[in-house]
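The values are calculated or read from the model by the stated rules, or taken from the named source; none is laboratory data. If you're wondering where the values come from, they're calculated on a predicted model, not measured in any experiment. In this analysis, Cβ positions are derived from the backbone assuming ideal geometry, glycine residues included, and neighbour counts consider all displayed protein chains.
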Amino acid sequence: MQGIARVTSACLMVCASLLVWAESGAGAGGSKAPSVRLPGAAFVALETINPDHIRWHVRYLSHDLLEGRGTGQRGGDLAAEYIATQFAEYGLKPAGDHGTYMQKVPLVGITTLPETQFSLIPKQGETMNLKPLDEYVAYDQSQQAQSDVDAEVVFVGYGIEAPEYNWDDYKGADVRGKVLLMLVNEPPSDDAKFFKGKALTYYGRWTYKYEEGLRKGAVGVILIHQTQMASYPWEVVRNSNSGEKSFLKAEGPALKVASWIHLDVASRLASASGMSLDKLMTSAQSRDFHPVNLGARLKAHIVSKVRKFESNNVLAILPGSDRKVADEAVMYTAHYDHFGIRSDMPGDNIFNGADDNATGCGILLEVARAFGIAAAKPRRSILFAAVTAEEQGLLGSEYLGKHPPIAAGKVSLDLNYDDVKPLGAPEEVQVAGAERTSFYPMVDATAKEFRLAIRADARPEAGHFYRSDHFSLARVGIPSFSINEGMKFKGHPESWGLDQEKEYVDKHYHQPSDEYRPEMDFVGDSAMARFGFALGWEAASLPKLIGWQKGDEFEAARVKSQR
């Protein structure tokens, strides 16, 4: 009850200050900052946002009964039905297929079977027959039951071709039919004009590496895992790539081998090829780097169980009140899937995903409820999307971006929630990517009214912007970013928040231990819900649709979507 009292008191204070701001039309000192103009009906609805409501959703969605909410599995389907039922109860209209809340996403599940053989044959020494999960993970993205690969291994550094940074790891080399060995991440730099300095760009993401290798005609890509580069330990790679992995139905060429190997394996391979992995990695940091043929081969026989199935994005809409712009929308997203049950793991093998991402779903549902009960509605429509298969590579949101219920060019903004840890009252908010949009001045003004300092990405090297569902919407032009807490929480020094983040990544991220606990404090999650509610209402009321800043990497997609 004390937590609820704190939230209600804080909310009343915020609402009062927002009203003063709206009446004055200016920020402190008379500066011409954007004004936050929320009507009384919005304030009343905002005040009802309650941390215990979010707690109840998280407790249910992360319960063992939902079996880890695996994509295309019973638990995932139960989660989707639960979310759809909540949307209906809140009075939101279905926005899925054929008048339902469900948008069917056609997927192919690939399970790499034990008969698979994965061997690296170096120039010297014995064949390295690798152990699955301990030394490598691999999937056949061609979605065939069997594939055979016997191809040269070429080290291509970071595997990046980025003309705007004068960087090309390929240097025109013909790598068709070869297997490319490469590093994750991108060349290290403190220069913000060179791959954005410490902040990871999409060039550093493993998904880009696979995509670029395929564009170059490679038959396979092997990524070298190093904890510092990847920003997570090998256990995350292993757990994220064990059991069935889902893909959107293939519509063209695909890699026969999409894989990771342990750093120790890469080191042994380099040594057996008469080279030093450390020296190869160092050389890869130079613009002068050229691909290196290791004189080694990958010989792989990949046997897969192929399962075609459908999962669902859960979509609901609150129609806008202004007929002139009701066909436009502001979108909220959160993924509901996790990794299900890993049958080969002893002991607790249910990946409950309480933080990741029952919390985001709980916030999404509470924001949806608040919009649903508001006595008045925003001018534009509000679209809510609980998406599937995020853990499989942002697949549900990718499909949503390609098949939106409202055309991408008419979606003003996507606000995404992912992994909002229940750690208590935040004093900071993270909105990485918001500064890339024309909406940022309003984000900044609203954060000030909520007494939240905007914190720069605490771990820019991890590339969070490219690792959550808002990225899929950004790729089709929709201004998008995620909302999350910063690292400073009331009653704690900043170091405490950083320690909580590190402990989670090291011990719980994509692990069965990411579970609901009664002592979790959802005050922070409700604060992020209120903040996002205010932003969404304001975005839905603006005279014009939101855009990307001039020159941003997604600006061209926005222009294309609005033609």
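In the stretch 548-560, what count of residues is obtained for those that are in contact with a helix residue (DSSP H, G or I) (Cβ under 6 Å, 6 or more places away or on another chain) and either more than 12 Å from Ser480 (Cα to Cα) or in a loop (DSSP other than H, G, I, E, B) (or both)? Lay out the reasoning, then the answer.
Residues of the stretch 548-560 in contact with a helix residue (DSSP H, G or I) (Cβ under 6 Å, 6 or more places away or on another chain): 548-549, 552, 554.
If we keep only those that are either more than 12 Å from Ser480 (Cα to Cα) or in a loop (DSSP other than H, G, I, E, B) (or both) as well, we get 549, 552, 554.
Adding up the residues that qualify gives 3.
Among the candidates Gly396, Gly320, Gly360, Gly340, single out the residue that is out of contact with any Leu (no Cβ under 8 Å at 6 or more places or on another chain), among the small types (Gly, Ala, Ser), crowded, with 24+ Cβ neighbours inside 10 Å and farther than 30 Å from Glu251 by Cα.
On the way: Gly396 fails: farther than 30 Å from Glu251 by Cα; Gly320 fails: crowded, with 24+ Cβ neighbours inside 10 Å; Gly340 fails: farther than 30 Å from Glu251 by Cα.
The match here is Gly360.
Name the pairs whose Cβ atoms lie under 8 Å apart, with the first residue in the stretch 177-194 and more than 15 Å from Thr207 (Cβ to Cβ) and free of Cβ contacts under 8 Å to residues at least 24 places away in the same chain, the second surrounded by fewer than 24 Cβ atoms within 10 Å (Cβ to Cβ) and charged (D, E, K, R), and 6 or more positions between them or separate chains?
Within 8 Å, the pairs are Ser189/Lys198; Asp190/Lys198.
In the stretch 517-547, which residue that is part of a helix (DSSP H, G or I) and of a type in the set (A, V, I, L, M) is nearest to Ala368 (Cα to Cα)? Explain how you work it out, then say what you get.
Restricting attention to the stretch 517-547, the residues satisfying the condition of being part of a helix (DSSP H, G or I) are 523-541.
Add one more test, that the residue is of a type in the set (A, V, I, L, M), and what stays is 523, 527-529, 534-535, 539-540.
Details: Val523: 18, Ala527: 15, Met528: 13, Ala529: 10, Ala534: 12, Leu535: 13, Ala539: 15, Ala540: 14 Å.
Restricting to residues being part of a helix (DSSP H, G or I) and of a type in the set (A, V, I, L, M), the top hit is Ala529.
Buried (at least 23 other Cβ atoms within 10 Å of the Cβ) and touching a Gly at 6+ places or on another chain (Cβ under 7 Å): does that describe Asp418?
Values: buried (at least 23 other Cβ atoms within 10 Å of the Cβ): yes; touching a Gly at 6+ places or on another chain (Cβ under 7 Å): yes.
When the stated conditions are applied, Asp418 passes them.
Of all residues being touching a Ser or Thr at 6+ places or on another chain (Cβ under 9 Å) and in contact (Cβ under 8 Å) with a residue 60 or more places away in the chain in the stretch 420-441, which is nearest to Glu553 (Cα to Cα)? Just the residue, please.
Thr437
Would a scan of the stretch 480-495 turn up a residue that is in a helix (DSSP H, G or I), modelled with pLDDT of 95 or more and loosely packed, with under 14 Cβ neighbours inside 10 Å? Lay out the reasoning, then the answer.
Quick first cut of the stretch 480-495, residues in a helix (DSSP H, G or I) only: 494-495.
Narrowing further to those that are modelled with pLDDT of 95 or more: 494-495.
Subset that is loosely packed, with under 14 Cβ neighbours inside 10 Å: 495.
So far as the stretch 480-495 goes, yes, one or more of its residues are in a helix (DSSP H, G or I), modelled with pLDDT of 95 or more and loosely packed, with under 14 Cβ neighbours inside 10 Å.
Considering only the stretch 325-375, state which residues are in contact with a strand residue (DSSP E or B) (Cβ under 8 Å, 6 or more places away or on another chain), small (Gly, Ala, Ser) and over 21 Å from Gly243 (Cβ atoms).
Ala326, Ala329, Ala334, Gly360, Ala368, Gly372
Picking from Ala458, Ala474, Ala462, Ala453, which residue would you name as being in the same structural domain as Cys361 (by TED's automatic domain parsing) and modelled with pLDDT of 95 or more? Lay out the reasoning, then the answer.
Values: Ala458 fails: modelled with pLDDT of 95 or more; Ala474 fails: in the same structural domain as Cys361 (by TED's automatic domain parsing); Ala462 fails: modelled with pLDDT of 95 or more.
Only one candidate passes the filter, namely Ala453.
Which count do you get for residues in the stretch 128-173 that are assigned to a loop (DSSP other than H, G, I, E, B), of a type outside the set (A, V, I, L, M, F, W, C), surrounded by fewer than 16 Cβ atoms within 10 Å (Cβ to Cβ) and in contact (Cβ under 8 Å) with a residue 40 or more places away in the chain?
Restricting attention to the stretch 128-173, the residues satisfying the condition of being assigned to a loop (DSSP other than H, G, I, E, B) are 130-131, 133-135, 140-145, 156-160, 166, 169-173.
Filter once more, keeping what is of a type outside the set (A, V, I, L, M, F, W, C): 131, 134-135, 140-144, 157-159, 166, 169-172.
Checking the rest, the ones that are also surrounded by fewer than 16 Cβ atoms within 10 Å (Cβ to Cβ) come to 131, 134, 144, 166, 171-172.
If we keep only those that are in contact (Cβ under 8 Å) with a residue 40 or more places away in the chain as well, we get 134, 144, 166, 171.
So the count comes out to 4.
For the stretch 82-110, what are the residues that are in contact with a helix residue (DSSP H, G or I) (Cβ under 8 Å, 6 or more places away or on another chain) and among the basic types (Lys, Arg)?
If the condition is that a residue be in contact with a helix residue (DSSP H, G or I) (Cβ under 8 Å, 6 or more places away or on another chain) and among the basic types (Lys, Arg), then Lys104 is the only one that fits.
Starting from residues that are over 24 Å from the mean Cα position of the chain (by Cα), in a helix (DSSP H, G or I) and among the aliphatic types (A, V, I, L, M), keep the ones in the stretch 40-58 and report whichever is surrounded by the most Cβ atoms within 10 Å (Cβ to Cβ).
The extreme case among them is Ala42.
If you check Glu390 against the conditions, is it under 23 Å from Asn312 (Cβ atoms) and touching a residue at least 60 places away in the same chain (Cβ under 8 Å)? Give the derivation first.
Values: under 23 Å from Asn312 (Cβ atoms): yes; touching a residue at least 60 places away in the same chain (Cβ under 8 Å): yes.
Answer is yes for this residue.
Among the numbered criteria (1) assigned to a loop (DSSP other than H, G, I, E, B); (2) out of contact with any Gly (no Cβ under 6 Å at 6 or more places or on another chain), which single criterion is violated by Asp514?
Of everything listed in (1) assigned to a loop (DSSP other than H, G, I, E, B); (2) out of contact with any Gly (no Cβ under 6 Å at 6 or more places or on another chain), Asp514 misses just condition (2).
Given the condition touching a helix residue (DSSP H, G or I) at 6+ places or on another chain (Cβ under 8 Å) and free of Cβ contacts under 8 Å to residues at least 40 places away in the same chain, answer yes or no: does some residue in the stretch 443-464 qualify?
yes
Please specify each residue of the stretch 455-479 satisfying the condition of being crowded, with 22+ Cβ neighbours inside 10 Å and in contact with a strand residue (DSSP E or B) (Cβ under 6 Å, 6 or more places away or on another chain).
Ser468, Asp469, His470, Leu473, Ala474, Ile478, Pro479
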